[in-house]
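The values are calculated or read from the model by the stated rules, or taken from the named source; none is laboratory data. Because the structure is a prediction, the values reported are computed rather than measured. Methodologically, a virtual Cβ is constructed for each residue, glycine included, from the backbone with ideal geometry; neighbour enumeration extends over all protein chains shown.
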Amino acid sequence: MPADEKQYITFKLEEDYGIELTRIKEIIRNQELTVIPEAPVFILGVLSLRGIAVPVINLRKLFQLPERSLNAYAVIIVMEVLGRLLGMLVDGVSDMISIKEENITPPPKFTDRKGTKFIKGMVEKDKKFIMLLDVNKLFSPDEIEVIDGI
Amino acid sequence: MNDNSIEKLKEIFKNEVDELIEDAEEVLISLEKDVGNEDLINEIFRIFHSIKGSAGVVGFNEMAHFAHGVENILDRVRQGELRISKNFVSLVLESIDILKNYIEFYFGGPPVDEEKIKKIEASLNRFKGVGEETEFKIDEKVERRIVKNAKYFGIHVELKEDIFYRGQDPLLLLRELTDLGTFDSIRANVIRIPELQEINPHNNYIFYDLVLRSKHSYDEVKDVFIFVYDDNKIEISDISGRFVEDVDVELADKKLGEILVDEGIIDEEEVERIAADHKKIGEEIVAKTTVKKEEVQKILKKKQKSKKIQIASTIRVKTDKLDKLINLIGEMVISVSRISMIAQETGNKDIINSTAELNRISRDLQEQIMMVRMVPLESTFKRFYRVVRDLANSQKKNIELHISGEETELDKTMIEQIADPLKHMVRNSVDHGVELPEDRRKSGKPEKGNIWMRAYQEEGNVIIEIEDDGKGIDTDIIYHKAFSKGMTKKNRETITNDEIYSFMFLPGFSTAKVVTEISGRGVGMDVVKKNIESLKGRIEVQSSLGKGTKFKIKIPLTIAIIDGMRLRIGARTYIVPLDAIVESFQLSTLDLKTVKGAKDLVNLRGEVYPLVRLHKYLGDEEITDQNFKKGIVVLVESTFKKFCIFVDEILGISQAVIKNLQDNYRSIPGIIGASLNGDGSISLILDIPGLEKIMEI
Amino acid sequence: MKKNILIVDDSPTLRASVNFVLSSGGYNVFQADNGETGLKKLEEMTKKGDRINLIISDINMPKMNGLEFLRAVKDMKSSFKFIPVIILTTEREETLKRQGREYGAAGWMTKPFKPDLLLSVIKKFIR
């Protein structure tokens, strides 16, 4: 693969988002989580993944999207965020695509869900606009603090 | 090295590590206050490095291994790959505790807690990040979906009446779609087809809803409709998310009838008609229509598969956690209400609006939590097959148990409390209700006795009935017993049956001896009554000597869930409980008689029913003159009579959570409550018996 | 005559452990806990007229680490530059090894060490 091309995993959550493949450790089906009672709303619970306790984030809640009931086709993307492993529950993974750096356009200013600071750019594919996430910007230091305590 | 040297070595080791541990704690406590401090980070890294090394030297390999794990993570911090938090530092402090435990153990103390180590390592391991893995793993089943790229598109094809004149043909479009993939389901909607005498063979009346499984892109699918897209109603959406292992996960939730309708195997009206009978839809559909048993079986199998997949995504939560949650939320709701009231007094619009929103959210939350605990009565009921069988066998009686309505849901704790009373009553039916086979024969009854357990919802209550066709309650015997015990002074003529039945529920009314004499209920009925009353419920008795007895338990719910049909009347949507619906049809096929000064009447196959125009009653003044040809009439059944409701559109069948209106408004006759739709709008739930009364039908 | 070996390492446990092994091998063992104290010890002993025959040094130490110590010992002006230095460390990194060799280390051993291996390595440098 040419140097300026990177691979992304795309997933749906009302809109389409993409995450760089290198940040992702694993993608697994939605499964039983240990619920943490005192945890904040965006944390669904803890996933036990071969001896690793991975906190799982409800991305819908984080993006302040309307709730959908938990469904079996959702998947958990286990990825590295600011150095630690986290799971993100998404509606489903759509595709694995290669994107050239030059095709990434700067993010739009239209959404007001927690600001657009965690979207590092947009790309168009199959008539869809995919928003590429800068995962390290998804959480504030306070939120990371809470997540680490799970 | 001799033993003495080894001892000395261990001593030196202990001293070194004790000191390192002390230093570590000091460093970590400072680090907690200053998580970015590089010097502290380097320092703590060095300490763990040293501890690891020294432990290795003396052969304490487990400890060395553990320390090594932490050291690696601290190295990542050092290299800037991991940004730490206070909670992370706490975790490292916990690791220090583990090291202390190791030291204790190596020097004669208790063994280290394996569980504790596993737990901390599990928490620490997430800080190792993705690591050196160059290949990421993806769940097999998820991969199949991505790699195969098979997508599911929901397509609605609604072409105008005159499309044939333009040389277009929906069939050709559908054929073209099959070039791109396969139809997972397709339904032709024939509701627009006019009466035979009015059909224009050159017109197009049918529209289609289908699900296409295809590896092609959205654009390629859309291209099929390139020439019809602009002038007609074509909707294409990517619904791949709903499918797992090529099974539509939503099937698990849909009722069998719905699925059959969606797949075009049966008419919606037929389903409604059958649903009104409370019977098992599958059987009835096969019996009453031309649907083949195999088709129903196929769908049931799909549903099962779907349910299995769905179940996999459930989360088990301990009920005590839920209870705590519910209590807290209950308190919160009260608090928030109080705040709302205070807010009202401030007169400040912003505050009032915000607290109103807060109020709404907290009540929503409460209802959602309550719903988590709603559990179908199914498993409770099904237990009784065995109970009845064993009891009947032991008493040499021949009894069959019939269960219906087991899908009715009840709050989990209520179910737990109801289980015992139900058991008592069923026992009593077997013991004292149903007679021995030869006795039944003598009375001209079939030898096999029956017990029915039914559950259903009615106006915000869950009703559970236990009925038998046994010998019934002999009111004379009960009356005399009660009278002789001084429980009543009324004489036999003036006392009512209900009053007599109520004696059965009095404590101490029956003893074991009495049970054999009284041909009725005995042990435990007072307990049963108490249990039910603790759920704020009531219990009613109906009995006919020689024929049988029915117990009716009514339990109110703060929320109830009903199956209903969504209708549009004017601009609003309403929900009619499915139980109440008999059938629906288009008005143009019927006779409509408007009698001056009286109600409109509808003639359906020789029967005449009153027609109710709800919009007038419910105050939708904007609908004045309707084009009746475009509307639909729904025939509903109430306690005594049937009548017709005129609606503009049938939107579909869904489950509705009833929110009591009483809490918010004074009660509106004819409305049971409201239900919140997925899009935030509200549908009012019609109270059919209530409407019957108001409309003076 | 007994030979003298200086062990430079910040871990008392490690020093004690090496001490036991080497003592039972018939050597005199002297200890220092980092590069700085190591240099001091070397000077001290030279003043007394004792010769250090071999130095074993760790790399990760506070105040003056093993590589810095190595450089100081092997410096042109140093009176100790002919004493063989064996690096005994947990580090397995190739770049560090190369640097050690550049600075003049005579040998490289990794921790944890096997006593007999240590003794046989030492024999290569002390007759």
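For the range A:120-150, filtered to residues that are among the acidic types (Asp, Glu) and within 8 Å of chain B (Cβ to nearest Cβ), the residue that is surrounded by the most Cβ atoms within 10 Å (Cβ to Cβ) is A:Asp148.
Of the helices (runs of 4 or more DSSP H) lying entirely inside the range B:56-158, those carrying at least 3 residues that are at pLDDT 90 or above are B:61-78, B:86-106, B:114-125. Cβ-Cβ distances below 6 Å connect the following pairs, each with a first residue in the range B:73-95 that is at the interface with chain A (Cβ under 7 Å from one of its Cβ atoms) and under 15 Å from A:Pro141 (Cβ atoms), a second residue that is not in a helix (DSSP H, G or I) and not small (Gly, Ala, Ser), and a separation of six or more residues or different chains: B:Arg83/A:Leu82. Assuming B:Ser50 fulfils every condition listed in (1) in contact (Cβ under 8 Å) with a residue 40 or more places away in the chain; (2) within 12 Å of chain C (Cβ to nearest Cβ); (3) more than 17 Å from B:Asp97 (Cβ to Cβ) apart from one, which condition is it? All conditions are met except number (1).
Does any residue of the range B:183-196 turn out to be modelled with pLDDT of 85 or more, in a helix (DSSP H, G or I) and either of a type outside the set (A, V, I, L, M) or within 29 Å of A:Ile97 (Cβ to Cβ) (or both)? No, that holds for no residue.
Please verify whether the range A:78-93 includes one or more residues that are over 14 Å from the mean Cα position of the chain (by Cα) and at pLDDT 80 or above. Checked the range A:78-93: at least one residue is over 14 Å from the mean Cα position of the chain (by Cα) and at pLDDT 80 or above. For C:Phe113, the requirement of being under 30 Å from B:Glu19 (Cα atoms), out of contact with any Gly (no Cβ under 9 Å at 6 or more places or on another chain) and in a loop (DSSP other than H, G, I, E, B) is met.
Scanning the range A:34-64 for residues that are farther than 21 Å from A:Leu82 by Cβ and facing another protein chain (nearest Cβ under 10 Å) returns A:Thr34, A:Val35, A:Pro37, A:Ser48, A:Arg50, A:Gly51. For the range B:20-47, a tally of residues being facing chain C (nearest Cβ under 9 Å) and of a type in the set (Asp, Glu) returns 0. Can you pull out every residue in the range A:13-69 that is touching a helix residue (DSSP H, G or I) at 6+ places or on another chain (Cβ under 8 Å), farther than 30 Å from A:Lys127 by Cβ and among the hydrophobic types (A, V, I, L, M, F, W, C)? Scanning the range A:13-69 gives A:Val35, A:Ala39, A:Val41, A:Phe42, A:Ile43, A:Ile52, A:Ala53, A:Val54. Within the range B:1-54, the set of residues being surrounded by 15 or more Cβ atoms within 10 Å (Cβ to Cβ) and among the β-branched types (Val, Ile, Thr) comprises B:Ile12, B:Val17, B:Ile21, B:Val27, B:Val35, B:Ile41, B:Ile44, B:Ile47, B:Ile51. What do you reckon, is A:Ile27 under 27 Å from B:Gly80 (Cα atoms), surrounded by 15 or more Cβ atoms within 10 Å (Cβ to Cβ) and more than 7 Å from every other protein chain (Cβ to nearest Cβ)? Against the criterion (under 27 Å from B:Gly80 (Cα atoms), surrounded by 15 or more Cβ atoms within 10 Å (Cβ to Cβ) and more than 7 Å from every other protein chain (Cβ to nearest Cβ)), A:Ile27 does not qualify. For A:Glu67, the requirement of being within 7 Å of another protein chain (Cβ to nearest Cβ), surrounded by fewer than 23 Cβ atoms within 10 Å (Cβ to Cβ), over 19 Å from A:Glu145 (Cα atoms) and not hydroxyl-bearing (Ser, Thr, Tyr) is not met.
Residues in the range A:3-24 that are at the interface with another protein chain (Cβ under 8 Å from one of its Cβ atoms) and in contact with a Gly (Cβ under 8 Å, 6 or more places away or on another chain): A:Lys12 only.
Every listed requirement among (1) within 14 Å of chain B (Cβ to nearest Cβ); (2) out of contact with any helix residue (DSSP H, G or I) (no Cβ under 7 Å at 6 or more places or on another chain); (3) assigned to a loop (DSSP other than H, G, I, E, B) is met by C:Lys63 save one, (2).
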